[in-house]
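In what follows, a single structure is set out as structure tokens and then discussed.
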Amino acid sequence: KAGVTQTPRYLIKTRGQQVTLSCSPISGHRSVSWYQQTPGQGLQFLFEYFSETQRNKGNFPGRFSGRQFSNSRSEMNVSTLELGDSALYLCASSKLGGRDEQFFGPGTRLTVL
Amino acid sequence: EDQVTQSPEALRLQEGESSSLNCSYTVSGLRGLFWYRQDPGKGPEFLFTLYSAGEEKEKERLKATLTKKESFLHITAPKPEDSATYLCAVRPGIETSGSRLTFGEGTQLTVNP
């Protein structure tokens with residue numbers, strides 16, 4: 001059974017640019033969550049999508065946005081990049097959310113110069 | 001506000017030397033306490049979910065236990081390949097929180113041969 005996949009694996013951008021990251025969940029999983037991981041803040045929840053609707057949102061500025069498609073694939077977008085946005089962005093999927101286990105992808109390493 | 005505190009921050013063991021990692025939490029209800037293992041540059045790998053106080057789960061050399069305020073990850077006779085960062089996370093019991101997980105900072109485990 002294929003796991004969660006994320007593309008691209010690595011990105012280098014400059015301040016002010018925007019970036020789009022992609023996530024394909026495990027087949028049959030309808031919930032996709034995004035997290036940001038940095039050395040100083042650890043893993044922080046960005047948002048969750050379920051059946052193409054944002055179900056939950058973390059404490060991040062509006063520059064961070066996302067969407068989910070009918071096949072459960074998800075994208076997140078960061079506009080007007082700042083140096084502090086450099087991080088490992090992780091996508092996780094679960095069947096329905098709730099009490100389900102959540103499985104993570106390998107992440108996208110974003111570097112902002 | 002949900003909080004997860006892991007201790008110690010780092011732990012160095014000799015091969016075969018058993019020990020325990022601690023995860024203390026405060027959460028509005030609990031719909032699951034999760035343990036993950038993360039290797040450098042990779043996404044977290046799911047290990048266990050615990051749902052209620054008194055519950056225990058085992059996998060190879062790892063055993064996770066849960067009380068009303070904390071969880072322990074016991075590592076019996078560890079091997080060098082057990083070296084990784086171990087992350088603890090909680091999912092609050094509020095239904096509107098969806099799949100959101102709140103993570104601790106992790107314990108970096110090194111097992112020397």
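The table that follows gives values for the structure above.
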| quantity | calculated |
| --- | --- |
| For segment A:18-36 versus segment B:1-80, the gap between their alpha-carbon centres in whole angstrom | 25 Å |
| Exercise: per-residue mean of other protein chain Cβ atoms within 10 Å, B:99-111 | 5 |
| By average C-beta atoms within 10 angstrom, highest first, the peptides B:12-18, B:25-31 | B:25-31, B:12-18 |
| Label point distance in nm, residue B:77-residue A:17, each placed 7 Å from Cα along Cα→Cβ | 5.2 nm |
| Average beta carbon contacts from partner chains per residue of B:1-7, 10 Å cutoff | 0 |
| Label-point separation in nm, residue B:3 to residue A:59, each point 7 Å along Cα→Cβ | 1.2 nm |
| Simple label model, 7 Å out from Cα along Cβ direction - residue B:26 to residue B:94, nm | 1.5 nm |
| Added length on full extension, which subtracts the Cα-Cα distance from 0.36 nm per residue, residue B:19 to residue B:45 | 7.3 nm |
| In sequence order, calculated HN-Hα J values of segment B:9-22 (Karplus, 6.51, -1.76, 1.60; Hz; x Gly/Pro) | 5, 9, 9, 10, 10, 8, 3, x, 8, 6, 6, 9, 10, 10 |
| 10 Å Cβ neighbours from other chains, averaged over peptide B:35-42 | 3 |
| Cut-off 19 Å (backbone N to label point 7 Å along Cα→Cβ of residue A:96), residues of segment A:67-85 | A:72 |
| Volume in Å³ per residue [convex hull over Cα atoms, computed for the protein assembly as shown] | 119 Å³ |
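Computed from the coordinates by the stated procedures, all read-outs in this text should not be read as laboratory data. Everything quoted here is computed from the prediction, not taken from an experiment. Cβ: placed from backbone, ideal geometry, glycine included. Neighbour counts: every protein chain shown.
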